[in-house]
Each structure stands twice: as structure tokens, then as C-alpha cells.
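Accompanying notes for the structure given below.
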Amino acid sequence: MTEIIKPSVQAFLVCAQVIEDSLTKKKSLIGIFTHLQAAVLPFQRQHMELYFCLTDAEGTYRFDIDLVCLNDDQLICRATLPNVHIQDRLQISDFGMNIPSLLFPVPRRYEFRLRMEGYLIAQKGFNVMEMAHPQAMEPPP
């Protein structure tokens, strides 16, 4: 049985958008965040993206990305990138992944978990918080 080469993860980020230049293949990350503020819960986030960059991998892999609620370790959703081929261990490979819609029912701490062939290789936590409602202003006396 061939041993799986585990990559070194250079970055794993949650952001509003990953833009890839069609000529240079360079990626721009827009709106990197560690928390989401919702005016009303449950909160439907229409669009977010994940970015991850790794090196020291060679072969064809399946990556799974799980979103987990940390309060009860409940799996919210899973996305899979099958058959990702990385040519050379010295190559730096980066990926942007679109997540079209997520529903956050309550304010909690959530975590994205990046797995390669079932092995956990990176984690990125963030908070979903309810916005503080401004106090109603009292009329002047």
C-alpha cells in the first residue's frame, strides 16, 4: 500500500470572494473574515468562498471541506473536490472554492475543516454573531 504524502498547508481562509486572473492565475482574496454579523437569525449567507494553499503534495487527491458547529460538533455541510492532481511536491497549489448558500440558525462558533483523503490537514474557525441592536433613543424632556 502506497503511503499518502500529506501536504503542508500554507493558508486556509474564509472570504467573501476569490478572484483568479485568467492570464496569470494569481488569486485575489476579497473580504477575509473571522466573524459574520447577522441582523436577524436564522441568517442565510448567500455567498462565501474558501481559499487554501498547500505544498509538499504529489499525486491525485480528494479534498473534503466540512462545516461544523463547534458547540455540539454537528456537521452542517460537506463539499468535495475529487480527483485533484498535483504534479510535483515542490509545486505550490492554491484553490478557491465557492460556497453558494449557507444557513446559520443560531449565533455560534463554526469551523471549516479541510480533509485530504480523510486526513484532517487544516481548520479555520469563525463566529456568527447577532448584531447588537441600538437602544431606542429617548425623546428629549
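Only the coordinates and a few stated rules stand behind these numbers; no lab work does. Worth saying up front: this structure is predicted, and the values here are computed from it rather than measured. Neighbour counts are summed over all protein chains in view; Cβ atoms, including those assigned to glycine, are modelled from backbone coordinates with ideal geometry.
Can you find, among Gly96, Cys69, Tyr51, the residue sitting farthest towards the positive end of the charge dipole of the stretch 1-110, where Lys and Arg contribute +1 and Asp and Glu -1 at Cβ? Most positive-ward Cα: Cys69.
Each of Thr60 and Lys25 was given a label point 7 Å from its Cα along the Cα-to-Cβ line. The distance between the two points is 1.9 nm. Counting Lys and Arg as +1 and Asp and Glu as -1 over every other residue whose Cβ lies under 15 Å from the Cβ of His35, the net charge comes to +2. Stretching the chain fully between Ile76 and Arg89 yields a gain of 1.4 nm (0.36 nm per residue, less the alpha carbon separation).
Size of the stretch 1-115: Rg and Dmax of its alpha carbons, in Å, are 15.7, 52.
Distance between the modelled labels on Ser8 and Phe126, one decimal in nanometres: 2.7 nm (7 Å Cα→Cβ projection).
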